[in-house]
Amino acid sequence: MIHLVQGNPILGIDEPTLTAYFAALNAERYEEVAALFAETGILYPPFEEPVIGRAAIARYLHLEAVGLQAEPLKGELLAPPDGERRYRIVGKAKLPLFSVNVAWQFGLNPEDQITFVKVDLLATLEELLSYQPLRQQG
């Protein structure tokens, strides 16, 4: 099944909560993103400590996600839907100065709330170390 997120298909995923997550994230509606989480939901950003709870997730996204455009491409259900469903989605995260391949892992409870999102950068250490921000010329 193909589902669209702002014009981009996510092959293999037909889950409204995940579609809403990416649509709200890309629109910088961080309170809406946080509201999709269970009350004690957890965001695991790359290279940082886990962010726990809706209010903390909204605050984190306001600080760290401005200008981010997530481009989920394909995904799969990893755990059967008899309890918490687990999904893995791969795609790109585009920021103003660079883009990187990303894998998102989601947990959804029976109430369709996000229990966790783990964001993994799919780049080699060499690729990450070679990134150098653009410098302003004075």
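Quick note: the coordinates plus some simple rules give every number you see, no bench work behind them. As the structure is a computational prediction, the values presented were derived from the model and not from experiment. With ideal geometry, Cβ positions are generated from the backbone for all residues, glycine too; neighbour counts draw on all protein chains shown.
Taking N as the number of residues in the stretch 2-130, what is its alpha-carbon radius of gyration divided by 2.2 N^0.38 Å? Numbers along the way, then the final one.
Details: Rg = 13.9 Å, N = 129, 2.2 N^0.38 = 13.9 Å.
Against the empirical 2.2 N^0.38 Å value, I get 1.00 for the stretch 2-130.
For Glu28 and Ala103, compute 0.36 nm times the residue count separating them, minus their Cα-Cα distance, and round to one decimal in nm.
Numbers: separation 75, 0.36 × 75 = 27.00 nm, distance 1.97 nm.
Roughly 25.0 nm would be gained on extension.
Sketch the reach of a paramagnetic label on Ala123 as a point 7 Å from Cα along Cα-to-Cβ, and name the residues of the stretch 91-110 whose backbone nitrogen lies under 19 Å away.
Only 91-105 fall inside the zone, counting backbone N under 19 Å.
When N counts the residues of the stretch 60-124, how does its alpha-carbon radius of gyration compare numerically with 2.2 N^0.38 Å, as a ratio?
1.23
Rounded to whole Hz and in sequence order, give me ³J(HN,Hα) for the stretch 13-22 from the Karplus expression 6.51 cos²θ - 1.76 cosθ + 1.60, θ = phi - 60°, writing x for Gly and Pro.
So the J values, rounded to whole Hz, are 10, 9, 10, x, 5, 6, 4, 5, 4, 5.
I need the calculated FRET efficiency for the pair Ala35 and Leu11, taking r as the beta carbon distance and R₀ as 22 Å, to the nearest 0.05.
Details: r = 27 Å, r/R0 = 1.21.
Taking R0 as 22 Å, the efficiency between Ala35 and Leu11 is 0.25.
Starting from the 7 Å offset along Cα-to-Cβ, what nm value, one decimal, do you get for the label separation of Lys74 and Ala55?
Rounded to a tenth, the inter-label distance reads 4.2 nm.
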